[in-house]
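Structure record follows, encoded as structure tokens.
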Amino acid sequence: MQLHASTIVDQAESAPAAITAGPGARAIPFHPLASLFPLLEGAAFDGLVEDVRVNGQRDDIVIFGGMILDGRNRFRACLMVGVEPRCRDFGAHCADGNDPQAFVLSLNLIPGLTAHDPWAQSRMPMDMMRQG
């Protein structure tokens, strides 16, 4: 099933903590730690959607406590192009460690990357950018 951008936006506005694949589909809520960083929008999200359309989902969506800890944008992009999102549990890889907060920060705030990468900067909360 393919969703249109307006469907994703409508769902995000009415239930900003979760996105579903459509009528009757199970919602996967967003973990509060994932919400430390904004969702991709506009051209950045369109680019991700096109990449998933062409190359498929490259990285798993990481679930912790039944919620999306990492991969909200990948999840949304998969839904947009009709790709079944591939998920795994946090801790399934030894590289995950055992601290979900450290995991999320490590994936989203790679030292040195954010200073030169506009996409990485766009994912950083404004108060964290000011501290830098």
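Take residues that are surrounded by fewer than 18 Cβ atoms within 10 Å (Cβ to Cβ) and tell me which of the helices (runs of 4 or more DSSP H) falling wholly in region 24-108 contain 2 or more.
42-55, 100-108
Report yes if some residue within region 88-99 is among the aromatic types (Phe, Trp, Tyr), touching a Pro at 6+ places or on another chain (Cβ under 7 Å) and at pLDDT 90 or above; otherwise report no.
For region 88-99, residues among the aromatic types (Phe, Trp, Tyr), touching a Pro at 6+ places or on another chain (Cβ under 7 Å) and at pLDDT 90 or above: present.
Take the conditions over 24 Å from residue 101 (Cα atoms) and at pLDDT 90 or above and apply them to residue 49. Does it pass?
yes
The values are calculated or read from the model by the stated rules, or taken from the named source; none is laboratory data. Note that this is a predicted model, so its numbers are computed, not measured. So basically every Cβ, Gly included, is an ideal-geometry build from the backbone, and we count neighbours across all protein chains shown.
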